[in-house]
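S.K.: This is the structure I want to talk about, given as structure tokens.
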Amino acid sequence: MRSPGYVYVVSLLCAVGCTTGDAGRREVAVSVDTAEESGPSDPVKSFASAQIDDGRRTFRFDTFGDEAFWGDTLQLHLAIAGAANEGVGGGVSPRTALAVGLKVDVDALPRSLRDALAQGQVNLDDPATTLALLQLNAVVGLTGVFDAAGSFRTMGIQCALCHSTVDNSFAPGIGHRLDGWPNRDLDVGTIVSLAPDLSAVAGLLGVDQATVRAVITQWGPGRFDAELFLDGKALGADGKPHPTLIPPAFGLGGVDLHTWTGWGGVSHWNAFVANLEMHGQGTFFDPRLDDATRFPIAAANHFGHVSTPPSQDRITPHLAALQLYQLALAPPRPPAGSFNATAANRGRALFNGKARCAGCHVPPLYTEPGWNMHTAAEIGIDSFQADRAPDQRYRTSPLRGLFTHLKGGLYHDGRYATLGDVVAHYNAALALGLTAAESSDLVEFLKSL
Ligand code: HEC
Ligand code: HEC
């Protein structure tokens, strides 16, 4: 149905078209669109915007059905509740939760609770308070499932657990969500070690539960070993665990391969994690995991061939929107005054020139357009972690927003404590001949990204 307004504009179009030719006709045709519609007129933008809302919901709140694992199987919820609240042990108070890096979303708290918190009237040492926060859906990345009587029945985890933090605007660990910022305070291993029943994990790895706890509690804040459940390499040749740091999930648009070792594109890894690490209910295909020599646990358990009937698949229907959401997360700008702009400008010239950084970290993506992968030898480090991934290489890290994840160190395992240490490494390994002043300018440039 055309509105009378449309008819009027069309006749105008004809009249103008007759006198001004094609250019004039096009101009008037544009005004036909805007005259006709009151809402957003661009179907591409409205689709993208709806998908981004959908992806954000998934990223923040979707458990993909993984409560069957974290609650029903590992019974982590019982350890959080504590014996006083129908669980086991001492329970996890808000103070303990914040100490192991869990974050609280201030926007999920009712005003009365915010006021009480601000006035120190909330008992942060009582696990019952943690349960109240879970009921408000205020603990970033964790969902508690409560029955009608208010009993804590089970729980699940979300992407946001590891890939979001908060801005601490209310108090340390309590603030507005910052999606895509890696939570470098989060001690995943210690949190998982609290679960009363780790027999499922122990069985998979072929060890006892005490061994699982001993390994994962050594991971430390901001770290997780995603490859452990594929290759069983709990320890390296040095007898120590080798978890990787949680990387940022912002600034990924235009970046070809993802994860420190380039397992695949964003959507590959999203499906991988949701199925194999979070233990959601879905479908995943990656026959590279059938290699029983390199991925003995994955091959024995057919992790490359996970299938769920479409009607029960809770992951695949979310992948498109989830990917778009991550691609829409812009790298945050470093705070004003956090670097010396003049030195950073000199550093930029070095980055693109004498220091040869831009040969791999190609601006403005700061990774290679194309196959962004390098051997360990090319960057002057060992190949332990690279060898745990299909292509046996390290992926060139995109460098924007570095200031958000300096905690825990740089490179996949945080082996370099500071940006200065990274530059010193390249200076030696690639024989760059940078002076102390040049190295310092390069660091200022990295801080400005
Ligand atoms: C338990 C913590 C944890 C959870 C939960 C988690 N991730 Fe990750 N994520 C990691 C770690 C650690 C890596 C690095 C893995 C590696 O390199 O081997 C990673 C890597 C990534 C990357 C690659 C980023 C890059 O470097 O380019 C993306 C994208 C990502 N995760 C998205 C997600 C999404 C989406 C979800 C939810 C479906 C999710 N993650 C759940 C810890 C987690
Ligand atoms: C041969 C390609 C190559 C060159 C040249 C190179 N890089 Fe890298 N860069 C990489 C790769 C690959 C990684 C990922 C290492 C890892 O995963 O441990 C990386 C990681 C980094 C990181 C750590 C990022 C993070 O999130 O932890 C920084 C910082 C960095 N490079 C800066 C530089 C600077 C500065 C130069 C120039 C002096 C440079 N790179 C030269 C390939 C390169």
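S.K.: So in the stretch 101-150, with the set limited to residues that are closer than 16 Å to E86 by Cβ and hydrophobic (A, V, I, L, M, F, W, C), which one is farthest from the chain's Cα centre (by Cα)?
M.R.: A149
S.K.: Now for a different question. Please state which of the following conditions A377 fails to meet, knowing it meets all the rest: (1) surrounded by 14 or more Cβ atoms within 10 Å (Cβ to Cβ); (2) away from ligand 1 (no atom under 16 Å from the Cβ); (3) over 26 Å from D185 (Cβ atoms).
M.R.: It is condition (1) that A377 fails.
S.K.: Which of the numbered conditions does A330 fail, given that it passes all the others? Conditions: (1) aliphatic (A, V, I, L, M); (2) crowded, with 17+ Cβ neighbours inside 10 Å; (3) within 16 Å of ligand 1 (Cβ to nearest atom).
M.R.: Unmet condition: (2).
S.K.: Do the conditions hold for L410, that is, is it modelled with pLDDT of 95 or more and surrounded by 20 or more Cβ atoms within 10 Å (Cβ to Cβ)?
M.R.: The answer is yes for L410.
S.K.: If I filter the stretch 298-308 for residues that are surrounded by fewer than 19 Cβ atoms within 10 Å (Cβ to Cβ), within 16 Å of ligand 1 (Cβ to nearest atom) and touching a residue at least 40 places away in the same chain (Cβ under 8 Å), do I get at least one hit?
M.R.: Looking through the stretch 298-308, none of the residues is surrounded by fewer than 19 Cβ atoms within 10 Å (Cβ to Cβ), within 16 Å of ligand 1 (Cβ to nearest atom) and touching a residue at least 40 places away in the same chain (Cβ under 8 Å).
Per-residue answers, yes or no, for (1) buried (at least 22 other Cβ atoms within 10 Å of the Cβ); (2) of a type in the set (G, A, S); (3) farther than 17 Å from D225 by Cα:
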| residue | (1), (2), (3) |
| --- | --- |
| V140 | yes, no, yes |
| M155 | yes, no, yes |
| C159 | yes, no, no |
| H163 | yes, no, no |
| V166 | yes, no, yes |
| A171 | no, yes, yes |
| G189 | yes, yes, no |
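S.K.: Specify the residue that is farthest from the chain's Cα centre (by Cα); the eligible residues are those in the stretch 346-370 that are away from ligand 2 (no atom under 12 Å from the Cβ) and touching a residue at least 60 places away in the same chain (Cβ under 8 Å).
M.R.: Only one residue tops the list, namely R346.
Yes/no matrix, rows are residues, columns are (1) within 16 Å of ligand 2 (Cβ to nearest atom); (2) farther than 19 Å from G91 by Cβ; (3) not β-branched (V, I, T); (4) not in a strand (DSSP E or B):
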{"site": "D115", "(1), (2), (3), (4)": "no, yes, yes, yes"}
{"site": "Q121", "(1), (2), (3), (4)": "no, yes, yes, yes"}
{"site": "N137", "(1), (2), (3), (4)": "no, yes, yes, yes"}
{"site": "G144", "(1), (2), (3), (4)": "no, no, yes, no"}
{"site": "A148", "(1), (2), (3), (4)": "no, yes, yes, yes"}
{"site": "V201", "(1), (2), (3), (4)": "no, yes, no, yes"}
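S.K.: Six or more apart or on different chains, Cβ atoms under 6 Å: show the pairs whose first residue is in the stretch 402-419 and under 19 Å from S338 (Cα atoms) and whose second is more than 7 Å from ligand 2 (Cβ to nearest atom) and aromatic (F, W, Y).
M.R.: T404/W181; G409/Y416; L410/Y416
S.K.: While we're looking at this one, here's another question. Would you call R60 within 30 Å of R153 (Cβ to Cβ), crowded, with 18+ Cβ neighbours inside 10 Å and at pLDDT 95 or above?
M.R.: For R60, the condition - within 30 Å of R153 (Cβ to Cβ), crowded, with 18+ Cβ neighbours inside 10 Å and at pLDDT 95 or above - is met.
S.K.: Scanning the stretch 149-208 for residues that are without any contact (Cβ under 8 Å) to a residue 60 or more places away in the chain and touching a strand residue (DSSP E or B) at 6+ places or on another chain (Cβ under 8 Å), which turns out farthest from A138 (Cα to Cα)?
M.R.: Among those residues, the one meeting the criterion is G189.
S.K.: Test R111 against the criterion of being at pLDDT 95 or above, surrounded by fewer than 18 Cβ atoms within 10 Å (Cβ to Cβ), of a type in the set (K, R) and within 30 Å of F250 (Cα to Cα), and give yes or no.
M.R.: Here the answer is no, as R111 does not meet what is asked.
S.K.: Only one of Y394, Y411 is aromatic (F, W, Y) and on the phi > 0 side of the Ramachandran plot. Can you tell me which?
M.R.: Going through Y394, Y411 in turn, just one is aromatic (F, W, Y) and on the phi > 0 side of the Ramachandran plot: Y411.
S.K.: Restricting to the stretch 46-99, and then to whatever is within 18 Å of the chain's Cα centre (by Cα) and not in a helix (DSSP H, G or I), can you tell me which residue is farthest from Q326 (Cα to Cα)?
M.R.: If we take residues in the stretch 46-99 being within 18 Å of the chain's Cα centre (by Cα) and not in a helix (DSSP H, G or I), then D66 is farthest from Q326 (Cα to Cα).
S.K.: Any chance the stretch 310-322 includes a residue that's surrounded by fewer than 17 Cβ atoms within 10 Å (Cβ to Cβ), polar (S, T, N, Q) and free of Cβ contacts under 8 Å to residues at least 24 places away in the same chain?
M.R.: Within the stretch 310-322, one or more residues are surrounded by fewer than 17 Cβ atoms within 10 Å (Cβ to Cβ), polar (S, T, N, Q) and free of Cβ contacts under 8 Å to residues at least 24 places away in the same chain.
S.K.: Here's a follow-up. Any residue that is within 9 Å of ligand 2 (Cβ to nearest atom) and not in a helix (DSSP H, G or I) - is there at least one of those in the stretch 419-431?
M.R.: Yes, because at least one residue in the stretch 419-431 is within 9 Å of ligand 2 (Cβ to nearest atom) and not in a helix (DSSP H, G or I).
The values are calculated or read from the model by the stated rules, or taken from the named source; none is laboratory data. These numbers come from a predicted model, not from an experiment. We place every Cβ from the backbone using ideal geometry, glycine too, and count neighbours over all the protein chains shown.
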